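The values are calculated or read from the model by the stated rules, or taken from the named source; none is laboratory data. Just so it is clear, the model here is predicted, and its values are computed rather than measured. Don't worry about glycine lacking a Cβ; one is built from the backbone with ideal geometry, like all the others, and counts go over all protein chains shown. The protein model used for the area step is the full one, side chains on, heavy atoms only, and it has no ligands, DNA or RNA in it. Shrake-Rupley method; radii C 1.70, N 1.55, O 1.52, S 1.80 Å.
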Amino acid sequence: QVQLVESGGGLVQPGESLRLSCAASGSIFKVYGMGWYRRAPGEEGELVAAISSTGSANYADSVKGRFTISRDNAKNTVYLQMNSLKPEDTDVYYCNADVLAIATMVRKDYWGQGTQITVSS
């Protein structure tokens, strides 16, 4: 079993910052790409940022220059530093990881439980 546990969501005012964390644990052989998605109720999910196992990152145009994704491979953890938050960033953010599990030796996507980010004055 592989689990992704997220933390760091909450309510902030426009212009403020938040940092999300997501730790992968369990029967892990290797973690490949990791990333963050967001989805409001009734809408399609959007890739916010992704990072490869070697540290190559890409971002949605809407967050470039404001958000930074990073990872600690030793801890199987991915972070999302969110600065200059805007009301339109309000959403549920989901962590994603491409994992090769020891028990099955099958590589597949895993998802966190989601964390709410609300940006409002």
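Please determine whether any residue of the stretch 65-75 is out of contact with any strand residue (DSSP E or B) (no Cβ under 8 Å at 6 or more places or on another chain), open to solvent by 70 Å² or more (accessible area, probe 1.4 Å) and closer than 20 Å to residue 14 by Cα. Yes, the stretch 65-75 contains at least one residue that is out of contact with any strand residue (DSSP E or B) (no Cβ under 8 Å at 6 or more places or on another chain), open to solvent by 70 Å² or more (accessible area, probe 1.4 Å) and closer than 20 Å to residue 14 by Cα. For the stretch 33-48, the count of residues that are under 13 Å from residue 22 (Cα atoms) and without any contact (Cβ under 8 Å) to a residue 60 or more places away in the chain is at least one.
Restricting attention to the stretch 106-118, does a residue exist that is open to solvent by 50 Å² or more (accessible area, probe 1.4 Å), under 19 Å from residue 13 (Cβ atoms) and touching a residue at least 24 places away in the same chain (Cβ under 8 Å)? The answer is yes, given that some residue of the stretch 106-118 is open to solvent by 50 Å² or more (accessible area, probe 1.4 Å), under 19 Å from residue 13 (Cβ atoms) and touching a residue at least 24 places away in the same chain (Cβ under 8 Å).
The set of residues in the stretch 80-96 that are out of contact with any Phe, Trp or Tyr (no Cβ under 7 Å at 6 or more places or on another chain), modelled with pLDDT of 95 or more and crowded, with 20+ Cβ neighbours inside 10 Å comprises 85, 89.
Scan 48, 5, 12, 31 and give me the residue that is touching an Asp or Glu at 6+ places or on another chain (Cβ under 8 Å) and either open to solvent by 50 Å² or more (accessible area, probe 1.4 Å) or at pLDDT 95 or above (or both). On inspection, the qualifying residue turns out to be 31. Of all residues in the stretch 15-28, those satisfying the criterion of being in a strand (DSSP E or B) and either at negative phi or surrounded by 19 or more Cβ atoms within 10 Å (Cβ to Cβ) (or both) are 18, 19, 20, 21, 22, 23, 24, 25, 28.
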